Amino acid sequence: MIFSLGEQFFASFSAGNELLWFITLIFNFAGILFAYRFFGSMGLYAWLPIAVIIANIQVIKIVELFGLSASLGNIIYATSFLATDILSENHGKRNAIKAVGLGFLSLVVLTLFMNLALLFKPSPADFAQKSMLTLYTFLPRIALASFIAYAVSQLHDVWAYALMKRHRPGAKWIWLRNNASTMVSQAIDSMVFVSIAFAGVIPAMEFWQIAITTYVLKCVVAVADTPLLYIAVWWKLRGKINDK
């Protein structure tokens, strides 16, 4: 009865994916601002593993957004680029690379321990094994795609941001540094990830829909998160970040 009510509850939102997408966007923005405001750079170090783990679970689910197929996880994963951009802007390239490393480590640990968990023989009273198999037996391929796409795109983002900051310093160029570095990095990430994760698994038309839609949605997030980077810089300049 409880599961039936739960299915009815979630089914009631099936026609509102776009609304849920915007609500998720707001929650993610609020979360990353909260993490930075009250925990400083440590909050962003923590945000990277959170974003990577959630994104790599959500990405398995394919949904319809704005009339096209798209994988979930694109919002919270996109905020990982915002986190490294804030670190690059306020705390330097070295700290941004450190956060990227923590995110990579979290993905390795998730993949290793969840696949080890599947090797345990379940008790007759267990009810989770079947669902875990459905979710995590696909994870190694997703993880391989994520390992490569994450490392290449995130390191490119940190490098590109630092390069543009060196050649276009000053607060008036923050919007350019944020959007240009992120959008190019997201293009790299989307094509590498979708090619490895979904090539040969889904039809070609849906493959390209996911690749293009995912990239466009990530670009929307990149543009929308620009004010957050300005807020983070403003907080840092006025000593409002708890970074002791």
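Quick notes on this structure:
- Subset of the range 167-207 that is among the aromatic types (Phe, Trp, Tyr) and surrounded by 17 or more Cβ atoms within 10 Å (Cβ to Cβ) - its residue that is modelled with the highest pLDDT: Phe193
- Among the residues of the range 88-147, those that are among the basic types (Lys, Arg) and loosely packed, with under 15 Cβ neighbours inside 10 Å comprise Arg94, Lys121, Lys130, Arg141.
- Just so you know, in the range 109-135 the residues that are in a loop (DSSP other than H, G, I, E, B) and among the hydrophobic types (A, V, I, L, M, F, W, C) include one that is nearest to Asn56 (Cα to Cα), and it is Ala128.
- A single member of Ser146, Ser88, Ser131, Ser106 is free of Cβ contacts under 8 Å to residues at least 40 places away in the same chain and small (Gly, Ala, Ser), and it is Ser131.
- Test for Ala83: is it farther than 19 Å from Ser131 by Cβ and in contact with a strand residue (DSSP E or B) (Cβ under 9 Å, 6 or more places away or on another chain): no
- Pairs linking a residue in the range 209-222 that is under 17 Å from Phe22 (Cβ atoms) to a residue that is modelled with pLDDT of 80 or more and surrounded by fewer than 22 Cβ atoms within 10 Å (Cβ to Cβ), with Cβ atoms under 6 Å and 6 or more positions apart or on different chains, are Cys219/Met183; Ala222/Asn179; Ala222/Met183.
- Residue match in the range 181-201 (condition: in contact with a Ser or Thr (Cβ under 9 Å, 6 or more places away or on another chain) and not in a helix (DSSP H, G or I)): no
- When Asn242 is tested against (1) under 19 Å from Thr84 (Cα atoms); (2) free of Cβ contacts under 8 Å to residues at least 12 places away in the same chain; (3) outside any helix (DSSP H, G or I), only condition (2) is not met.
- Members of the range 63-81 found to be aliphatic (A, V, I, L, M) and part of a helix (DSSP H, G or I), listed by number: Ile75, Ile76, Ala78
- For the residues Ser69, Ser14, Ser41, the requirement of being buried (at least 21 other Cβ atoms within 10 Å of the Cβ) and either at pLDDT 80 or above or polar (S, T, N, Q) (or both) singles out Ser41.
- Flag for Met164 being within 21 Å of Ile60 (Cβ to Cβ), free of Cβ contacts under 8 Å to residues at least 60 places away in the same chain and surrounded by fewer than 21 Cβ atoms within 10 Å (Cβ to Cβ): no
The values are calculated or read from the model by the stated rules, or taken from the named source; none is laboratory data. All values derive from a computational prediction rather than experimental measurement. Glycine gets a Cβ as well: all are built from the backbone with ideal geometry, and neighbour counts include every protein chain shown.
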